[in-house]
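Structure record follows, encoded as structure tokens.
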Amino acid sequence: MTLPKTAATILFCLTAFSVQAETLDPGRIISAATGDWDKDGSPDLAMLVEPAASNNEEDHAVYIFLKGETNRLHVKTVAPNKIWGNLETFGQEPSIAALPNGSILITSHNDAIGRDRWEQKLTIAYRNFDFVVAGYTYTSYDTLDPDNSFDCDLNVLTGKGESNGNPVATTGEIVLLTDWSDERGQSACGRP
């Protein structure tokens, strides 16, 4: 049996990762994507991983692997407790995807519960030998009050963007994925 390229990469990566600090249970992987994050011509891997059962109060972690000189994937970034999502409720599952420009897109959302529906997207890029949050997009609406909506699209690196149709200008910064918080993006967008 031949595994698809992504599945084979994930299996190879898990074998390599078990040599690291912990063995990663494949059943904890929520979503995975392959791409050339560091633009060296070799496929790399990014995954969303749910916390261990003993840490069920935490959000999901982001694991990013790069293919090294030995032609093996190695862990470059682990950002625990980073991405919200509920795997047991339809409309609340987070996902990770590769963008054509070599960046990573992480999406979380609530399309199912309550009147506050929202979607958040983080664009992750490889800069200066590490992974940073390059873009932040957030949209929300109230199912009972169509006038109560919010949208923001911010280039974190330049500090420029748009919030509810108005220009936003903050100080551009390089924020490592491991240091990112959703409050940082919401504050920059001026969300009440």
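Computed from the coordinates by the stated procedures, all read-outs in this text should not be read as laboratory data. Source: prediction; values computed, not measured. Methodologically, a virtual Cβ is constructed for each residue, glycine included, from the backbone with ideal geometry; neighbour enumeration extends over all protein chains shown.
Some points to look at:
- Kirkwood Rh, angstrom, the chain [1 / mean 1/r, Cα pairs]: 17.6 Å
- Lysine pairs in the chain with Cα atoms under 16 Å, if 8 or more residues apart or on separate chains: 5
- Estimated inter-spin distance, Ala53 and Thr178, nm [label 7 Å along Cα→Cβ]: 2.9 nm
- For the stretch 124-192, applying the loop criterion from DSSP together with a ceiling of 15 other beta carbons within 10 Å to the chymotrypsin sites (Phe, Trp or Tyr not before Pro) yields Phe129.
- Neighbour-count ranking [beta-carbon atoms within 10 angstrom, fewest first] of Ser108, Ser42: Ser42, Ser108
- Under a model in which nothing but the beta-carbon of Lys, Arg (+1) and Asp, Glu (-1) is charged, the chain shows a dipole of about 620 debye around its Cα centre.
- Measuring gaps between exposed loop sites in the chain (GluC sites (Glu not before Pro); DSSP loop; at most 11 other Cβ atoms within 10 Å), the longest gap, sites not included, is 89-192.
- With the helix formula -39500 (n - 2.57) applied to DSSP H stretches of n ≥ 4, the chain reaches a computed 222 nm mean residue ellipticity of -3500 deg cm²/dmol.
- Amide hydrogen neighbours beyond the local backbone of Gly68, cut-off 5 Å, H modeled: Leu73, His74
- In terms of other Cβ atoms within 10 Å, Arg117, Arg72 run from fewest to most in the order Arg72, Arg117.
- For the chain, built as a Gaussian network whose Cα springs stay under 10 Å, the top-fluctuating residue of Ala97, Ala112, Ala53: Ala53
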